[in-house]
Amino acid sequence: MSEIQQTRSYSFHGLDLRIACSAAIADSLDSRFRLLPSGEKHQQIISFNFRSVPDGSQHCVEKPQGEGRSFYELPSGEGVYFKGGDQLYLSFGDGVRVLSRPDLGCASFSIVESEPANLFMASHLMLTILLVEMLKRRGCYSMHAAGFSKDGKVILIPGTSGAGKSTLAITLLRGGFGYLSDDMVFLRRSSDGLRVLGFPEDVDVSDQTIRFFSELDFLRGVPKPFAWAKSQVRADEVYGIEVIREARPGAIVIPKISAKEKSEIRPIDADEALLEMVSNVLLTEGRSCQSHLDILTELVRQTPCYRLETGRDFDRIPVILGELLSGSREEVHA
């Protein structure tokens with residue numbers, strides 16, 4: 001399939017994410033990464049090359065030979081790590097094949113673009129998996145959590161689907177918190193300790209969250225992306241938020257939906273908090289995986305951790321969490 005290749009470049013904390021792709025992929029990435037700076041020049045380049053093929057019988061990427069280890073369960077596909085060549089192989093049905101060398105910071109995609117599902121999976125989930133692995137080899141470690149900031153400190157909100165994270169995200173945006181990320185942040189060590197790096201994308205919200213907040217009524221009936229259970233909110237347009245590039249860890253708050261009207265928060269120990277996070281460490285190359293686990297352990301050891309049972313007091317929640325960051329909340333009762 002003939003195509004005109006375009007080049008996109010997005011800046012991420014000193015790295016240049018450089019992507020060669022078709023116009024369709026470029027449009028998807030421009031929408032996804034619109035809150036990242038572009039055009040900045042950096043010495044370190046991470047590259048992704050997307051090639052279009054007419055059908056699944058003509059892929060230009062092949063699965064490596066030899067024994068590999070499954071490290072991620074993709075819908076209708078697989079994620080396999082090959083230790084011998086330090087390679088990652090991903091597939092989605094007959095529509096996408098990906099081969100990556102995370103240590104070299106490069107990946108090649110082969111994609112049947114005629115199917116919208118392939119476009120979405122390649123430019124979102126599969127690209128994210130590869131980016132997480134590449135950054136992990138460069139001392140920058142992912143954390144599946146939302147991040148919201150006040151006065152240079154960040155509230156980190158880990159949580160699996162259904163824990164109420166999207167509702168909590170909108171609550172904090174309405175409360176004037178700065179925005180680092182809706183779903184994933186990165187951790188990096190610096191001369192003054194751990195830093196949380198923002199990875200800002202549009203905020204994913206459930207239908208339930210939309211019903212809670214009248215300003216999101218415009219999303220009712222808007223088609224969702226393929227296989228995506230949530231709608232997307234441009235938080236900068238709806239709430240006029242400030243995008244925060246990085247901040248110091250201030251508190252870790254693990255949410256749980258409560259049937260009560262009033263939210264309740266209580267301290268938890270570091271081990272309980274760590275259990276919520278370790279499942280997101282992709283089990284690939286041994287040394288970088290251990291480093292990933294080490295930095296998560298360091299984070300929970302030095303950062304106050306809490307369990308928040310969220311009620312319907314949406315105006316009160318930002319006050320509670322703001323007090324955690326300011327140190328003015330002297331007692332926390334279950």
Here are some pairs, Lys150/Lys230; Lys165/Lys224; Lys150/Lys224; Lys165/Lys230; Lys41/Lys136; Lys224/Lys262; which of them have Cα atoms lying more than 23 Å apart in this structure? Lys150/Lys230; Lys150/Lys224; Lys224/Lys262
Starting from the Cα gyration tensor of the range 142-326, take the square roots of the eigenvalues, sort them a ≥ b ≥ c, and report rounded, prolate or oblate (rounded when a/c is under 1.5, otherwise prolate if a/b is larger than b/c, else oblate). prolate
For the chain, find the longest principal axis of its Cα atoms and tell me its angle to the long axis of helix 165-174, 0 to 90°, nearest 10. 60
Can you give me the long-range amide H partners of Phe71? Hydrogens built in the peptide plane at 1.01 Å from N, cutoff under 5 Å, separation of 5 or more residues or another chain. Gly79, Val80, Tyr81
Mean separation of Cα contacts under 8 Å, 6 or more apart, over the residue count of the range 6-138: relative contact order %: 21
Amide H of Gly311: which non-local residues (sequence gap of 5 or more, or other chain) have their own amide H closer than 5 Å, using H built in the peptide plane? Ser263, Glu264
Counting each DSSP H run of 4 or more residues in the chain as -39500 (n - 2.57), what helix-only mean residue ellipticity at 222 nm follows after dividing by all residues, to the nearest 500 deg cm²/dmol? -6500 deg cm²/dmol
Qualifying chymotrypsin sites (Phe, Trp or Tyr not before Pro) for the range 193-287 [loop in DSSP, other Cβ within 10 Å: at most 15]: Phe226, Trp228
Taking a crude spin-label model, label points 7 Å out from Cα along the C-beta direction, the Lys260 to Asp27 distance in nm is 4.9
How high is the relative contact order of the chain, given as a whole-number percent (alpha carbon pairs under 8 Å, six or more residues apart)? 14
Could you tell me which of rounded, prolate or oblate describes the range 65-207, using a ≥ b ≥ c as the square roots of the eigenvalues of the alpha-carbon gyration tensor, with rounded for a/c under 1.5 and, failing that, prolate when a/b is larger than b/c and oblate otherwise? oblate
Please state the charge dipole magnitude for the chain, taken about the Cα centre, from unit charges on C-beta atoms (+1 on K and R, -1 on D and E), reported in debye and rounded to the nearest 20. 420
Each residue of the range 7-14 in turn: what ³J(HN,Hα) in whole Hz from Karplus with 6.51, -1.76, 1.60 and θ = phi - 60°, glycine and Pro shown as x? 10, 10, 9, 10, 9, 9, 6, x
Is the shape of the range 6-138 best called rounded, prolate or oblate, per the rule: a/c under 1.5 gives rounded, else a/b larger than b/c gives prolate, else oblate, with a ≥ b ≥ c the square roots of the Cα gyration tensor eigenvalues? oblate
Could you tell me the distance between the Cα centroids of the range 81-151 and the range 241-269, to the nearest Å? 28
Averaging 1/r across every pair of distinct alpha carbons in the chain and inverting yields a Kirkwood hydrodynamic radius, in angstrom, of 20.9
For Arg245 and Asp217, FRET efficiency with R0 = 25 Å and r from the beta-carbon atoms, rounded to 0.05? 0.20
Apply the Karplus parameterisation 6.51 cos²θ - 1.76 cosθ + 1.60, with θ equal to phi minus 60°, to every residue of the range 186-196 and state each ³J(HN,Hα) to the nearest whole Hz, in sequence, with x for glycine and proline. 10, 10, 8, 7, 9, 5, 10, x, 5, 10, 9
Nearest 10 degrees, 0 to 90: helix 286-302 Cα axis against the chain principal axis: 10
What is the helix-to-structure angle for 127-136, meaning the angle in degrees between its Cα long axis and the longest Cα principal axis of the chain, kept from 0 to 90 and rounded to the nearest 10? 80
What list of ³J(HN,Hα) couplings, whole Hz, do you get for the range 204-212 from phi and the Karplus terms 6.51, -1.76, 1.60, once you set θ to phi - 60° and write x for glycine and proline? 7, 10, 7, 4, 5, 4, 4, 5, 6
Would you please state which residues of the range 285-326 a label at Leu194 would reach in this model, taking the label point 7 Å out along Cα→Cβ and a backbone N cut-off of under 11 Å? 293-305
Which residues qualify? For Ala145, with a placed amide H closer than 5 Å and at least 5 residues away or on another chain, they are Met184, Val185
Around Ala145, under 10 Å between beta carbons, what's the net of Lys plus Arg minus Asp minus Glu among the other residues? -2
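No lab work stands behind these numbers, since they all come straight from the coordinates. No experiment lies behind these values; they were computed from the predicted model shown. When we count neighbours, we look across all protein chains shown, and the Cβ atoms used for this are built from the backbone with ideal geometry, even at glycine.
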